[in-house]
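The values are calculated or read from the model by the stated rules, or taken from the named source; none is laboratory data. The model shown is predicted, which means the values in this text are computed figures rather than measured ones. Counting neighbours? That spans all protein chains shown, and the Cβs are built from the backbone with ideal geometry, glycine included. Side chains included, ligands, DNA and RNA excluded: accessible areas come from the protein's heavy atoms. Shrake-Rupley method; radii C 1.70, N 1.55, O 1.52, S 1.80 Å.
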Amino acid sequence: MLVRFAGLGLGAATLTTVAAASGNSNVDVLTSSPDVSSFMAEPVTPLSTLVKDKDDMKVKMEMLIMKIQADFCRALENEEDPSKKFIVDRWTRAEGGGGVTCVIQNGKTFEKAGVNVSVVHGILPVDAVRQMKARGKELIGKELPFFAAGISSVIHPSNPHVPTVHFNYRYFEVTQENGEKMWWFGGGTDLTPYYLVEEDVRHFHSTLKNACDQHDVGYYPKFKKWCDEYFLVSHRNECRGVGGIFFDDFEMHSQEDCFKFVKSCAESVIPSYVPLVKKHRNDPYTSAERDWQLLRRGRYVEFNLVYDRGTKFGLYTPGARIESILMSLPVYAKWEYMHSPSDGTPEAKLTEILKNPKEWI
């Protein structure tokens, strides 16, 4: 479930990357005094709890996503006008927990870039439980204590030749009525270009595959297929983009093994995407190409508002923070009645791929 947890900003579209060049992470083992100075804001959980419960997966996940957020935000700022920095909005939720939302809006490189962390807990409402059961999670009880931590990001670039990227990685715990605790991970990364450059798409998919192959060579083909199926705008019979990886209910190994896989996937985002920003952010473009970008953004919005489970989950959760849930939406988008690209154009080439997903590597 791509969860934009209540606010919570964690979802498929939503519950929303560590730079490959960032060196050794400080999130694997917390010392008695964890260094949080590099984060975009203070963690949601009190420092005393982070120290006391340093081996708890809830703490490990929070420390990871805070570092992912900081690394990705700084990598994006390096591609932006030096005067344009992320607005950092740390928020709390009366029902339990909170988050850190970071946004650049109307920049030179990024028209809107959002990177949201949520660490929330409370009681899972009936509607949210029903959604999870519809996905095969059989939970005992009507209103259940839950914990959710994740990062979600959507980047809408200014230049139509720079693709949009979305990623989110999350951890979820539910305590059932009988006291049994269930846990699982989920997430993924996917690319939405406005103009198809096959070399770029192969680079993107290859980087994700390398991350998956460190853990199981069967993961990439399985999760690539799942991504193509999930990000389908079925009323248009086309995919939202050119895919990537997507997985949910990931619990087939130990917590630690699952965590390490999620960490590898998250660490692949910067090397998979930032080179594409560098390559195309100064490309010339026409007003017609800008119009096409706005039309494709309209399709992006359709998916997020009509189909995305994370958005729906967030809206059903008490104390939902609407601005963070809808952080994934672009500043500008466009809809034209009965628009169809002309045969033989670059726009038609992209549309054909979106209607017929292919293997890129």
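Observations on the structure shown:
- Just one residue in the set Gly310, Gly319 is assigned to a loop (DSSP other than H, G, I, E, B), open to solvent by less than 80 Å² (accessible area, probe 1.4 Å), touching a Gly at 6+ places or on another chain (Cβ under 9 Å) and of a type outside the set (A, V, I, L, M, F, W, C); that residue is Gly319.
- Close pairs from the range 135-154: first of a type in the set (D, E, K, R), partner in a strand (DSSP E or B), Cβ under 6 Å, at least 6 apart: Glu143/Ile123
- Test: residue in the range 82-101 that is closer than 17 Å to Asn168 by Cβ, in contact with an Asp or Glu (Cβ under 9 Å, 6 or more places away or on another chain) and not β-branched (Val, Ile, Thr): yes
- The listed residue being of a type in the set (Asp, Glu) and either surrounded by 15 or more Cβ atoms within 10 Å (Cβ to Cβ) or under 14 Å from the mean Cα position of the chain (by Cα) (or both), out of Glu336, Glu302: Glu302
- In the range 58-100, the qualifying residues are those that are touching a strand residue (DSSP E or B) at 6+ places or on another chain (Cβ under 6 Å) and of a type in the set (Gly, Ala, Ser), and the one that is farthest from Ile270 (Cα to Cα) is Gly96.
- Residue that is nearest to Tyr300 (Cα to Cα) [pool: residues in the range 171-215 that are touching a helix residue (DSSP H, G or I) at 6+ places or on another chain (Cβ under 8 Å) and open to solvent by 60 Å² or more (accessible area, probe 1.4 Å)]: His203
- Residue check for Phe247: assigned to a strand (DSSP E or B), among the aromatic types (Phe, Trp, Tyr), over 22 Å from Thr351 (Cβ atoms) and touching a strand residue (DSSP E or B) at 6+ places or on another chain (Cβ under 9 Å): yes
- Residues of the range 204-231 that turn out to be more than 15 Å from Leu191 (Cβ to Cβ) and touching a Cys at 6+ places or on another chain (Cβ under 6 Å), as a count: 1
- Counting the residues of the range 127-156 that are open to solvent by less than 60 Å² (accessible area, probe 1.4 Å) and farther than 30 Å from Ala70 by Cβ gives 9.
- Which numbered condition Met327 fails, given (1) closer than 21 Å to Ser118 by Cβ; (2) touching a helix residue (DSSP H, G or I) at 6+ places or on another chain (Cβ under 7 Å); (3) surrounded by 17 or more Cβ atoms within 10 Å (Cβ to Cβ): (2)
- Within the range 29-57, the set of residues being in contact with a strand residue (DSSP E or B) (Cβ under 9 Å, 6 or more places away or on another chain) and open to solvent by less than 50 Å² (accessible area, probe 1.4 Å) comprises Phe39, Met40, Ala41, Pro43, Val44, Thr45, Met57.
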